[in-house]
C-alpha cells in the first residue's frame, strides 16, 4: 500500500512540474458522464455509491491534502474525515456536474479547520516525494527532485487562500469555475488569488 501511495505521489509530482494532469483513480472520459447518476444514487443514501465515490476520489483528495502541506498520516486522516463529512452532508449534493467542486469544498474545509486547530505546528512535509525512476541520469534526477522540493516548499509557504487556489486549479486540474466553487468564492476572486500566488512563487524562484 505504501509503495502504491509513493507511486501515485511520484506521478502527481512529475505532472505538476510538466504542467500535465496526473492520472489518478477516477479520471477518464467516462468519469464526467456518470457524475449525475452517481450523485443521484448518493443523495438517495445508496451505500454502494458511497463506496464508488471513495474509490474514484480517494487518491485525488489524498493528493490535495499532501499538496496543501499535510504529512502522510495527517493526509490519510483528513481524507477519511472528508468522506465521512461528505456522507453526513450528502443531502447538500444537488447537481452531479458539481460533484468535483462539492467534494473538494468539503476537503478544503476539513484542511482549513485542521490548520486552525494546529496553527503552531509546521505542516509542510516532503517525505519520500521523488521523481519517477528511469529515463534520466543521476544528476538529472537529483535536479528534478531538488526542483520539486523547492516547488512544494514554496507552495506550502503561501497563505492558505493562495495555496488552496494554486492546488485546486493547477495541481488538481479543476477548472476556474470548479475551483472557485470548491473554494466558495467568485471566479474573479479565484483568478486574483491565482495571480497573487503565482507571483509569490515567481519571486521565490527568482530569489533562489
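Modelled spin labels at residue 73 and residue 116, positioned 7 Å past Cα toward Cβ, are 2.5 nm from each other. The residues 114, 88, when put in order of fewest to most other Cβ atoms within 10 Å, stand as 88, 114. Taking other C-beta atoms within 10 Å as the exposure proxy, 43, 177, 75 rank 177, 43, 75 from fewest upward.
So what is log10(I(q)/I(0)) for region 160-200 at q = 0.18, 0.19, 0.26, 0.32 1/Å, when the Debye sum runs over its Cα atoms only? Each listed q maps to, in turn, -0.35, -0.40, -0.76, -1.15.
By the count of other C-beta atoms within 10 Å, a proxy for reagent exposure, 41, 117, 157, 66 are ordered fewest to most as 117, 157, 41, 66.
Just so you know, all these numbers are worked out from the coordinates, no wet-lab data involved. Just so it is clear, the structure is predicted and the values come from calculations on it, not from any experiment. Positions of Cβ are backbone-derived with ideal geometry, glycine not excepted, and every protein chain shown enters the neighbour counts.
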